[in-house]
Number of protein chains: 2
Amino acid sequence: MNLDFGKLGGLVTAVIQDYATGRVLMVGFMNEEAFRKTVETGFATFFSRSRNKLWLKGETSGHRLAVKEISTDCDQDALLVRVEALGPGVCHNGYQSCFYRRLSHGEWIESEPRAYDPETVYGSTG
Amino acid sequence: MNLDFGKLGGLVTAVIQDYATGRVLMVGFMNEEAFRKTVETGFATFFSRSRNKLWLKGETSGHRLAVKEISTDCDQDALLVRVEALGPGVCHNGYQSCFYRRLSHGEWIESEPRAYDPETVYGSTG
């Protein structure tokens, strides 16, 4: 299971894709331990660069990502993780996908409605 | 079109997805100039970390990526670029997608045949 963690300071890029619909849901980063936990537990676990620690996706919201298949790329420095997303959305802003804004005539525009209210899931701080 | 280039030393992650099939084809990085060129020309342009310069995907092979739609994520530090891939494959190893190896019982196994012969496209060095 060798991966190249050297190019990004101990991390590989992890693209999360919905197994059923093919929608790209989010992009995160995994260090070696996060990758190992993802494989062992079957739930996507990332390394949070802002909090500098492992982050089981859904640990607060319950919206975990159940792993269906993991692929790596030619350089072995990126992962494609196909998942079943538990819950209405993976984005902490309340959307199904973190990619909810589309470029249109030089502006980012929201291209879909919220899937849930983030205040009720994450509390009043958003 | 503000993006957060600060977290990865001047780069954002760019996930390339086939517009028609939904398949994730590759992951690259864009600096601000590569992003601007991608938007202006309609063909995906990356920043090559190994060669330290802009890289028009397909400049050698002719296998360009015609941009259909660009989205950004909640943190504005990643892009999802949906494309029409011109040519049989985006991977310089000869596969349709760079993600041609799947994790199976702790091993990466090739999960598809080559789509073209890289020697005839890139020359004898592969």
Handout entry: Nearest-first distances (nm) between copies at B:Thr60, label 7 Å from Cα via Cβ
Key = 4.4
Exercise for the section: Count the DSSP beta bridges whose two residues both fall in the protein assembly as shown, then state the antiparallel fraction as a percent rounded to the nearest 5. Expected result: 80 percent
Completion exercise
Tilt, helix A:32-41 to longest principal axis of chain A (alpha-carbon atoms), in degrees rounded to tens, equals 70 degrees
Fill in the blank from the handout: Taking only the Cα positions of segment A:51-106, the convex hull volume per residue in Å³ is 161 Å³
Fill in the blank from the handout: Rounded to the nearest whole number, the Stokes-Einstein translational diffusion coefficient of the protein assembly as shown at 4 °C and 1.567 mPa s (Kirkwood radius, C-alpha pairs) in µm²/s is 70 µm²/s
Handout entry: Theoretical gain in end-to-end length, A:Lys7 to A:Glu69 [0.36 nm per residue, Cα-Cα removed]
Key = 20.0 nm
Problem - Label-to-label distance, nm, for residues given as B:Ile109 and B:Asn52 (7 Å Cα→Cβ offset) - result: 4.2 nm
Handout entry: Antiparallel bridges, percent of DSSP beta bridges restricted to segment B:1-94 (to nearest 5)
Key = 75 percent
Fill in the blank from the handout: Across B:85-92, the residue-averaged tally of Cβ atoms belonging to other chains within 10 Å stands at 1
Completion exercise
Amide H neighbours of A:Leu56 at under 5 Å, excluding residues fewer than 5 places away on the same chain, with H built from the backbone geometry, are A:Phe46
Exercise for the section: Per DSSP H run of n ≥ 4, the term is -39500 (n - 2.57); total these for chain A, divide by its residue number, and report the mean residue ellipticity at 222 nm rounded to 500 deg cm²/dmol. Expected result: -3000 deg cm²/dmol
Problem - Shielding by other protein chains, B:66-76, mean Cβ within 10 Å - result: 6
Handout entry: segment B:80-126, Rg to Rh (Cα coordinates; Rh as Kirkwood inverse mean 1/r)
Key = 1.05
Completion exercise
Per segment A:1-120, sqrt(5λ) over the Cα gyration tensor eigenvalues, sorted largest first, in Å, gives 24, 17, 14
Fill in the blank from the handout: When A:Ile109, B:Ile70 are ranked with the fewest other C-beta atoms within 10 Å first, the list becomes A:Ile109, B:Ile70
Handout entry: Shielding by other protein chains, B:107-114, mean Cβ within 10 Å
Key = 1
Fill in the blank from the handout: The correct pairing of chain A residue and whole-Å distance, for the Cβ nearest the axis that maps A onto B, is A:Gly22, 2
Problem - Centre separation in Å (Cα based) which lies between segment A:1-23 and segment B:82-110 - result: 13 Å
Handout entry: 20 °C / 1.002 mPa s Stokes-Einstein diffusion coefficient of segment A:1-47, Kirkwood radius on C-alpha pairs, µm²/s
Key = 191 µm²/s
Problem - Peptide ranges B:92-99, B:4-11 listed from the most packed, as the mean C-beta count within 10 angstrom indicates - result: B:92-99, B:4-11
Practice task
Once the label point is placed 7 Å from Cα along Cβ, list for B:Glu112 the distances to the corresponding points in the other copies, in nm, shortest first.
Solution key: 2.3
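Each value in this text was obtained by applying a stated rule to the coordinates, not by laboratory testing. Please read all numbers here as calculations on a predicted model, not as lab measurements. Neighbour counts are summed over all protein chains in view; Cβ atoms, including those assigned to glycine, are modelled from backbone coordinates with ideal geometry.
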